[in-house]
Amino acid sequence: MSSDPTTTTSTDRYVNLGALAPKSWSMWSNDPADMRLDTYFSSDQESPGLEASYNLTGLKPVLVKPDNSGGGDKFLLTDATGAFFLFDEAANEMYRLTQSLELKEVVYQVQTETYDWAQVTVQYQITPR
């Protein structure tokens, strides 16, 4: 494995940001304990997660903004192609960030909520037949 702390292997269930992880004052977290890995990123075929629901191969969480009031968490995700997505649990909506960004840039923009909404499109959920 590379010395780059953001490198993941195929068995990793989230992107470990290492030094790029949000600081303690941030409302966003890179802690896998906050990411609800067994709910949204399970490989269990009986209860498919977001990857199957949106037909996105290799989907992994990068950041989560936990909502402790029960209103729904928000996630920054990436897939096997390196594309980035925002998932809003409360609205059950997935958005693809269409602007080509490096991991460091997208983490900063999501934490500071400075990403350009004109560069975001809806990622539609698929319905199994």
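In this Cβ point-charge picture (+1 for Lys and Arg, -1 for Asp and Glu), the stretch 24-123 has a dipole of about 200 debye about its Cα centre. Here the sum of -39500 (n - 2.57) over DSSP H runs of 4 or more residues, divided by the residues of the chain, equals -3500 deg cm²/dmol at 222 nm, to the nearest 500. You can think of it this way: the chain between ALA80 and THR57 has 7.7 nm of extra reach, that is 0.36 nm per residue less the Cα-Cα gap. Taking amide H atoms as placed 1.01 Å from N in the peptide plane, the amide H of GLU93 lies under 5 Å from those of ASP88, each 5 or more residues away in sequence or on another chain. Each of LEU86, SER42, TRP25 was scored by the projection of its Cα onto the charge dipole of the chain, and the greatest displacement toward the positive side belongs to LEU86; charges sit on the C-beta of Lys, Arg, Asp and Glu. Were the residues from GLU46 through ASP88 laid out at 0.36 nm apart, the gain over their Cα-Cα distance would be 12.8 nm.
When ASP34, ASP116 are arranged by Cβ crowding within 10 Å, least crowded first, meaning fewest neighbours, the order is ASP116, ASP34. The protection proxy used here, the mean number of other Cβ atoms lying within 10 Å of each residue, ranks peptides 20-33, 54-67, 93-106 as follows, highest first: 54-67, 93-106, 20-33. Between the amide H of THR98 and those of VAL120, THR121, distances stay under 5 Å, these residues lying 5 or more places away or on another chain, with hydrogens modeled in the peptide plane. Within the straight-line cut-off of under 15 Å between alpha carbons, the aspartates and glutamates reachable from LYS104 are ASP4, GLU113, sequence neighbours fewer than 8 places apart in one chain being disregarded. State whether the stretch 24-123 is rounded, prolate or oblate according to the following rule on the C-alpha gyration tensor (a ≥ b ≥ c being the square roots of its eigenvalues): a/c under 1.5 gives rounded; otherwise a/b larger than b/c gives prolate, and the remaining case gives oblate. Oblate is the answer for the stretch 24-123, as a/c is 1.5 or above yet b/c matches or exceeds a/b.
The modelled label-to-label distance between ASP38 and ASP116, using points 7 Å beyond Cα along the C-beta direction, is 4.2 nm. Extension gain for the segment TRP25 to THR98, taken as residue separation times 0.36 nm less the Cα-Cα distance, is 23.5 nm to one decimal.
Read the figures in this text as sums done on the coordinates, not as results from a lab. Every value quoted in this text rests on a predicted model; they were computed, and no experiment measured them. We place every Cβ from the backbone using ideal geometry, glycine too, and count neighbours over all the protein chains shown.
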